[in-house]
Structures are given as C-alpha cells and as structure tokens.
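Colleague: Structure in structure tokens, see below.
The values are calculated or read from the model by the stated rules, or taken from the named source; none is laboratory data. If you're wondering where the values come from, they're calculated on a predicted model, not measured in any experiment. Reconstructed Cβ throughout: ideal geometry from the backbone, glycine too, with neighbour counts over all protein chains shown.
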Amino acid sequence: MLPDIRDTGLAEALSERYLAYALSTIMSRSLPDVRDGLKPVHRRLLFAMRQLRLSPDDAFKKSARVVGDVMGKFHPHGDSAIYDAMVRLAQDFAVRYPLVDGQGNFGNIDGDNAAAMRYTEARMTEVAEQLLRGIDEDAVDFRQTYDGEGSEPLVLPAAFPNLLANGSQGIAVGMATNIPPHNAEELCDALLHLIKHPDARIETLVDMIPGPDFPTGGILVEDRASVVESYRTGRGSFRLRARYEVEKLKNGTYQIIITEIPYQVQKSRLIERMAELMQARKLALLGDILDESAADVRIVLEPKSRNVDPAVLMESLYKFTELETKFSLNLNVLDADQTPRVMSLPETLRAFLDHRHEVLIRRSRFRLGKIEDRLEVLAGYLIAFLNIDEVIRIIREEDHPKEEMIRRFELTERQAEAILNMRLRSLRKLEEIELRKEFEELTAEKQEIETLLEDEVLRWKTVSGEISEIRRIFGKRTELGRRRTEIGTAPSDIEVPMEAMVEREPITVICSDKDWIRAVKGHIADDADLKFKEGDEGKFLVRAETTDRILIFASDGRFFTVTADKLPRGRGHGEPLRLLIDLDNDEAIVEILPYRKGQRLLLASSDGRGFIVNSDDLLAQKKAGKQVLNPATGAKAQICLPVDGELVAIVGTNRKLLVFETAEVPEMARGKGVILQRYKDGKLGDVTFLKAEEGLSWEQTGGRTRTETDLTAWRGKRAGAGKMPPNGFPRPARFT
C-alpha cells in the first residue's frame, strides 16, 4: 500500500496545525463552561469520583486511585496535572466552595505543596454533589471518551452556580479568563430576581452582588461605579486590601495585626517581600515583622515609633507590598454553543438559568418515560390480579403462555413478560392493594409532570424553588456560606510622608557648572573641598534631606522635580542632570532648591517681567517638567528667589536700582508675569528682598559691607525705571 503523500505549503500546514492546537486549548483546557463553571479536567475529576462512590457520606479513598481513573478513562494527560487540579479543588484558601474534601496534606497558604497522591485521600463535598445532581436522569448530553470505551458528560447539571461562586482562571491561545469567586447566597438572590424580572438593571443586580467574595477574606475597596462598569462589560478589576486591627500595648505603644491577606497572595512570600523592603530602607515607618500564624493568619507589624499613625503606616504598606492587590475581571467563557466570548454579569446569570431550565425539562421527560414504563407494567399486574385463576391456568396448561395471555387479555409483550416473571409471593391480597396505590400515585405524578412540561411559568417557579433550596443550604447563616470579604468604600487619599518610603538623613546636593549632579551624605560647608571634572567647577550647593523633593528651575521657564533619594550618591562626579530630566541642550539651570510646602517664590525673566508663585504649583509629575514662567521671545528665565521681606529691590544691567513693595507683585500659577522694572538700554541684573528697617546691604571691594538704610531716593512703584545706585555699588550690578 502506497503512503498518502500530498503536496502542502509550509504556511498552510503550520496554520492548520496551529489552529487545531488553539481550538483544543480553548475548548478543552483553559476556558470554563458558563453553565457549570468547570473546565474538562475538573468535570472529569468529579465524574470519576462519583463512579468511585466518593459521596460526602462515604469513606475517603486514595487520591492516587481517583487520579488513575481520571487519567485512564477520561483525561489523556499527565498524572501531575490531574492531581494539581484536584488539590486546588480541595484548598479552602484557593476555592471559595471546595468541590473536593481532602484528608491529609493538601498544601497551605504559605505556598507549600501538597503531599504526594499516594499519601492523601479524598471524596466529594456537598457542593460537588449538587453539581452532579440528576446526571443519571438524562439531564445532559454525553460523548465518547478519548479511547471510545466509555462515555463522559459534556456538561454537568449544575444545581449550584459554580462559575461565579468559585470563579475560574485560565490562559488559552490569544485569550484568557479571570473570574473572581462570589457569595452563593448573593448569587441566588440575583438569580431569583432575574427570574421575576428578566430585564433587570445591572445596578439592581449589583445591589444584590456588591462584589466578589474571596475565600481569604480581605476588604474590597473598589468604587461602586467601577464595580458596576466591570460587571456591565465583563472586564475590569477589583481592588482588595488586607484586613488588620490595632492592638494597644502599654506605655502608649501599639502593634498592627494582619488577620486576612488578599486572595492568591502567598503569606511567606508577602513577609519576605516586606523584609526586603525594610532592608532597602523603603519602609522606614515599620520597625519589625513577626509571623505568629497557626491555622489562622496572624502577622504582627511593629511600628518604628509609637507616634506613627497606624493608618499612615498601613497606607505605605498598601503602596509597596501585596497587602493591597488588584484582581482583574475577564468574564471570558464558553457559552452553551461552545463559543468563547466575554459575557456581562446578567448574561452569565441568564445562561445559568437557561441551563437549569433545560435540565428541568430533560429530567422531567426522563422521569415521565420511567413513569409510563412502570405504569405499563403495573397495568399488566392489575389485569393479572383480576384474572388470577385464568392466568394460572394458561401458565400451567398452554404451550405458549406468553402469546396466549397477549391474545386473551390484550396485553403488551412487556406486560406479559412481567406477569410471567412475577413471584408467587406477589399473589397475596396485600400486594394487590400496594400495586393499586402505586398506580394511582404514579398516575398523579404523571399528570403533574405533563402539566409542568406544558406550563413555562410553572417550570420557572420550579427552578426558583431549586435555587431557593441552594440558598438555604449554602446561605450566609452557615459557616461555609458566610460572606468573608467585607465590602468597604474607596479609600480616601491619605498623604504618605516620604519617610514612609525613604529613611530620612541629611544630604548635600551638588551640581556643577556643566550640570553634573550628585548628593553626598551630611550637610557640608560652603568652602568644602569638592572635586569636579577637569574644566568644570561647582555652581549649586543645596542642603536637603533624602525625603525631600528637589525643584530644578531652567532658563526656559520650566520646573522639574527629582526626589532626593534618586540622585546619584557618593564622592564621585555624579552623573549628567539631563539623564534625570528632559532639558534641552541650549537651556541652562537657573536654580536648584528643596521643595517646601506653601513656600512663595519670585520668578523673573531677563526682560524684567515676573510674578510670585506658590511652590505647590511647581511640582512636576513627568520627566518633561512643568512650564510655569513663559519668557517673551528673546528672553530667558533668570531669577527664582524665596519671598522674604516686604520690599523688592531690583537692579538692571544699566545700573538702575528700583525698590518697591512686594505686595505690588501678583501671585500667579503660571504665565509671562508683570513688568517689574522697565529698561531702555539693558536687562534684568539681580533681585533681592529686604526689610525697610534693615535697609539694603552689599559687599564692597576689600570685603567690607555697606548698608544703606535711607532708600527714599530709589523707592517707587513697580514697573518704574529706577535710579542709579549709591556710590560703591558692585559692578556688574548684583546684590550678592
């Protein structure tokens, strides 16, 4: 026989095979079914456990036996993958409503692995039984297993709303799913409301389902509007925080106890991360961490000082650690037609209801068939009792009693066969009474089922009853059903001081004439011996602290903000300032100073224009800086000076001096400014602030200082030209 060889392009062959792989991953591995919320491996695990008779009331059996049955009969994958899936279904910190009742070591919240499958035992939980309820009553379709020797369900009947109750996660090819767990009672309330009001508003459903209910608890601090939008679109995120309490100790001290951590956060890794941040001096408000957990979670946080506000300390921890996380919502599931798509919350709930309605119809028809089959047999029995003597005669004397009874009493073949198989003990009078009673009861039940199948309103009432029963079994009054995740409010903005992130210590910021910047430890003197690159020299020396934000004012009128702890440290030459900020090469640095909240600064350009600005308006969030002063064409920003006095003294390069009141300079957030001094020939030289009683001082040649207290000759209004300064005033004209 010749081999089947076909000429196929590589691209076509690859695309065909990749498509088959992608479809297999999407349909048979990664995405859950919207009806039962299960992936194939989970569905096969539960079905195999049912075949092994591992109900909640039966004894445990080795996990290895379950894994072996699943792998051998239904799931052609490795045993480790099957066991890992089974372990997760048994972990009460990973699954909100566990489907597997595990005995032995099934792992813990620290991230430790479960024991090998030969050491652990398992059986189903009540939730799993609810998912399988009615599976023997033709409630769902079956298909052949991979080897063709058996059959497996395509979907489970799912009396429990498992998809949203337990959530799901998976990564397929080109798509993924991420569904958080929810509270079963809240889901049932929404389902019951949706039955009565099929067009219910999303806001009404969110009133009943205010957010996820994670197995590890925590506090949901997402804004309601964001929650509504997430459920409306099927995409979004939920902000989750750890739960803590403050324990008061003696002498006014306290400690913070973390009792619940966010979902899917490993406790051991969380503590390691916090310790690393402490060593890196990123959590300067935190003194120590202790793990006193047993079966419960108890992480003890000791503040560095009793004066630290617990809310501020926790806010810094929320910012830098996994004590606050975001759980993404991506409601991507396989619908009833096995088509992957993102559903909204109402669509998901409606799909579950439609499935339950379909299951009810199929189970009712199955039961109706069983009843009709039994009634046929019972009718034959009753005919036999009415003609018992003749029946006995036919059986004793006729060569073909079956055919004779069919002819004589107009029986069906099944009725005749049942009469022939009847035991002699059944011929007593009491048995006839019981048969008549059973016949009447089944006839009544048949009528009820036929009425149910004909009346859609009655069917939905029955579905409502089933959901109400689930609500009762797994309601919030039970230990399993109580809500664990608290629905909080969006947190108010708590200002976290820089010391919560960086350890405070004094530094000196040094910037050279060629804009090489660095920071050295401590506050050094102005005349300290500093080294610079060849041909370079010092220009700015600013005393600050590591927790400060440093303001940098450039000649184009832009302000840049750099955090002091990000500056290069050490006694070297530092690094170019332009690596930290986006400053054009033809622009120069005018001033460097530490940010002080509420400080007032005078800004001025070389053409004599300027204004006063609040330092709070100067902070820049981006590397490109913030445009504050807008110099006119041909002018450059030249002055950035803290306001310190009721008088402003300004001198131009033409040696004209003008003194006017500070109140005449307007305070603005940004702009070109007002005219401070007019120039006919010249431009701005220097500006200073002074107090009237102290007068104006300047340094003369030889190091002597002269003070002029009578400034009447130079006093005027803003925007004046000014007059020549006193004899001995520096050349070029500067105040310092």
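Colleague: Within region 657-674, identify whether any single residue is over 22 Å from V613 (Cβ atoms), in the same structural domain as G720 (by TED's automatic domain parsing) and touching a residue at least 40 places away in the same chain (Cβ under 8 Å), and answer yes or no.
Modeller: The initial filter retains those residues of region 657-674 that are over 22 Å from V613 (Cβ atoms), namely 657.
Next cut, in the same structural domain as G720 (by TED's automatic domain parsing) only: 657.
Next, from what is left, pick out any that are touching a residue at least 40 places away in the same chain (Cβ under 8 Å): 657.
Yes; the residues of region 657-674 include at least one that is over 22 Å from V613 (Cβ atoms), in the same structural domain as G720 (by TED's automatic domain parsing) and touching a residue at least 40 places away in the same chain (Cβ under 8 Å).
Yes or no, residue by residue, for (1) under 30 Å from T662 (Cα atoms); (2) assigned to a loop (DSSP other than H, G, I, E, B):
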residue: I510; (1), (2): no, no
residue: V520; (1), (2): no, no
residue: A544; (1), (2): yes, no
residue: D556; (1), (2): yes, yes
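Colleague: Please state which one of I612, I552 is assigned by TED's automatic domain parsing to the domain that holds F689 and modelled with pLDDT of 90 or more. Let's see the steps before the verdict.
Modeller: Working: I552 fails: assigned by TED's automatic domain parsing to the domain that holds F689.
Just a single option satisfies the conditions, and that option is I612.
Colleague: Of the residues I202, I195, which is more than 25 Å from the chain's Cα centre (by Cα) and surrounded by fewer than 21 Cβ atoms within 10 Å (Cβ to Cβ)?
Modeller: Numbers: I202 fails: more than 25 Å from the chain's Cα centre (by Cα).
One residue alone meets the criteria, I195.
Colleague: Going by what's in this entry, would T412 be described as within 30 Å of I195 (Cβ to Cβ), of a type in the set (S, T, Y), surrounded by 11 or more Cβ atoms within 10 Å (Cβ to Cβ) and modelled with pLDDT of 85 or more? Spell out the reasoning first.
Modeller: Working: within 30 Å of I195 (Cβ to Cβ): no; of a type in the set (S, T, Y): yes; surrounded by 11 or more Cβ atoms within 10 Å (Cβ to Cβ): yes; modelled with pLDDT of 85 or more: yes.
No.
Colleague: Further question on the same structure: Exactly one condition in (1) at pLDDT below 95; (2) surrounded by 14 or more Cβ atoms within 10 Å (Cβ to Cβ) is false for D710; which is it?
Modeller: (2)
Colleague: Scan I612, I639 and give me the residue that is assigned to a strand (DSSP E or B), touching a Lys or Arg at 6+ places or on another chain (Cβ under 6 Å) and aliphatic (A, V, I, L, M). I'd like the intermediate steps shown before the answer.
Modeller: Numbers: I639 fails: touching a Lys or Arg at 6+ places or on another chain (Cβ under 6 Å).
Of the residues listed, the single one that is assigned to a strand (DSSP E or B), touching a Lys or Arg at 6+ places or on another chain (Cβ under 6 Å) and aliphatic (A, V, I, L, M) is I612.
Colleague: Give the residue, chosen from P666, P631, P730, P725, that is under 27 Å from D586 (Cα atoms), touching a strand residue (DSSP E or B) at 6+ places or on another chain (Cβ under 9 Å) and not hydroxyl-bearing (S, T, Y).
Modeller: Values: P666 fails: under 27 Å from D586 (Cα atoms); P730 fails: under 27 Å from D586 (Cα atoms); P725 fails: under 27 Å from D586 (Cα atoms).
P631 is the lone residue from the list that is under 27 Å from D586 (Cα atoms), touching a strand residue (DSSP E or B) at 6+ places or on another chain (Cβ under 9 Å) and not hydroxyl-bearing (S, T, Y).
Colleague: I've got another one for you. R718 versus (1) over 14 Å from R609 (Cα atoms); (2) modelled with pLDDT of 90 or more: which is the lone unmet condition?
Modeller: Of the numbered conditions (1) over 14 Å from R609 (Cα atoms); (2) modelled with pLDDT of 90 or more, the odd one out for R718 is (1).
Colleague: Report yes if some residue within region 49-71 is among the acidic types (D, E), in a helix (DSSP H, G or I) and free of Cβ contacts under 8 Å to residues at least 60 places away in the same chain; otherwise report no. Before you say what the answer is, go through the steps one by one.
Modeller: Of the residues in region 49-71, the ones among the acidic types (D, E) are 57-58, 69.
Restricting the remaining residues to those that are in a helix (DSSP H, G or I) gives 69.
Add one more test, that the residue is free of Cβ contacts under 8 Å to residues at least 60 places away in the same chain, and what stays is 69.
Yes - at least one qualifying residue is present in region 49-71.
Colleague: How about region 176-283: which helices (runs of 4 or more DSSP H) wholly inside it have at least 1 residues that are of a type in the set (G, A, S)? Even if it seems obvious, please write down each step before you answer.
Modeller: On the way: elements: 184-196, 202-208, 224-233, 267-279.
Because the criterion is at least 1 residues that are of a type in the set (G, A, S), the helices (runs of 4 or more DSSP H) in region 176-283 that meet it are 184-196, 224-233, 267-279.
Colleague: Please indicate, with yes or no, whether at least one residue in region 86-93 is touching an Asp or Glu at 6+ places or on another chain (Cβ under 9 Å), crowded, with 24+ Cβ neighbours inside 10 Å and on the phi < 0 side of the Ramachandran plot. Write out each step before concluding.
Modeller: Step one: list which residues in region 86-93 are touching an Asp or Glu at 6+ places or on another chain (Cβ under 9 Å), which gives 90.
Imposing the further condition that a residue be crowded, with 24+ Cβ neighbours inside 10 Å reduces the set to none.
The answer is no, given that none of the residues of region 86-93 is touching an Asp or Glu at 6+ places or on another chain (Cβ under 9 Å), crowded, with 24+ Cβ neighbours inside 10 Å and on the phi < 0 side of the Ramachandran plot.
Colleague: What about P310, is it under 20 Å from D141 (Cα atoms) and of a type outside the set (D, E)? Walk me through it before giving the result.
Modeller: Details: under 20 Å from D141 (Cα atoms): no; of a type outside the set (D, E): yes.
It is false that P310 is under 20 Å from D141 (Cα atoms) and of a type outside the set (D, E).
Colleague: Take A311 and tell me if it is of a type outside the set (S, T, Y) and under 30 Å from F106 (Cβ atoms).
Modeller: On the way: of a type outside the set (S, T, Y): yes; under 30 Å from F106 (Cβ atoms): no.
The answer is no for A311.
Rundown of residues vs (1) surrounded by 16 or more Cβ atoms within 10 Å (Cβ to Cβ); (2) modelled with pLDDT of 95 or more; (3) within 16 Å of A719 (Cβ to Cβ), yes/no style:
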position: K636; (1), (2), (3): yes, no, no
position: D644; (1), (2), (3): no, no, no
position: A649; (1), (2), (3): yes, no, yes
position: F660; (1), (2), (3): yes, no, yes
position: K672; (1), (2), (3): yes, no, yes
position: D681; (1), (2), (3): no, no, no
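Colleague: Taking region 476-490 as the region of interest, how many residues are closer than 27 Å to H357 by Cβ and surrounded by 16 or more Cβ atoms within 10 Å (Cβ to Cβ)? Working first, answer last.
Modeller: Start the filter on region 476-490 by keeping residues that are closer than 27 Å to H357 by Cβ, which leaves 476, 478, 480-481.
After this cut, where a residue has to be surrounded by 16 or more Cβ atoms within 10 Å (Cβ to Cβ) as well, the list is 480-481.
Of the residues in region 476-490, 2 are closer than 27 Å to H357 by Cβ and surrounded by 16 or more Cβ atoms within 10 Å (Cβ to Cβ).
Colleague: What pairs come out if I take residues in region 393-408 that are exposed (fewer than 15 other Cβ atoms within 10 Å of the Cβ) and pair them with residues that are part of a helix (DSSP H, G or I) and among the small types (G, A, S) whose C-beta lies under 9 Å away, six or more apart or interchain?
Modeller: Correct list of pairs: E403/A416.
Colleague: Considering region 92-121 alone, what residues qualify as being β-branched (V, I, T) and farther than 18 Å from D296 by Cα?
Modeller: V100, T120
Colleague: Would you mention how many residues in region 572-591 are within 39 Å of the chain's Cα centre (by Cα) and of a type in the set (A, V, I, L, M, F, W, C)?
Modeller: 5
Colleague: Can I ask one more? Across region 250-295, which residue is surrounded by the fewest Cβ atoms within 10 Å (Cβ to Cβ) among those that are among the acidic types (D, E) and under 23 Å from the mean Cα position of the chain (by Cα)?
Modeller: At the first step, the residues of region 250-295 found to be among the acidic types (D, E) are 260, 272, 276, 288, 291-292.
From the residues that got through so far, the ones that are under 23 Å from the mean Cα position of the chain (by Cα) too are 260, 272.
Details: E260: 20, E272: 12.
Ranking the qualifying residues of region 250-295, first place goes to E272.
Colleague: With the structure loaded, tell me whether R29 is surrounded by fewer than 20 Cβ atoms within 10 Å (Cβ to Cβ), in contact with a Pro (Cβ under 8 Å, 6 or more places away or on another chain) and part of a helix (DSSP H, G or I) or whether it fails that test.
Modeller: On the way: surrounded by fewer than 20 Cβ atoms within 10 Å (Cβ to Cβ): yes; in contact with a Pro (Cβ under 8 Å, 6 or more places away or on another chain): yes; part of a helix (DSSP H, G or I): yes.
Spelling it out, R29 is indeed surrounded by fewer than 20 Cβ atoms within 10 Å (Cβ to Cβ), in contact with a Pro (Cβ under 8 Å, 6 or more places away or on another chain) and part of a helix (DSSP H, G or I).
Colleague: What's the number of the only condition in (1) buried (at least 21 other Cβ atoms within 10 Å of the Cβ); (2) closer than 15 Å to A48 by Cα; (3) touching a strand residue (DSSP E or B) at 6+ places or on another chain (Cβ under 8 Å); (4) not β-branched (V, I, T) that E121 fails to meet?
Modeller: (1)
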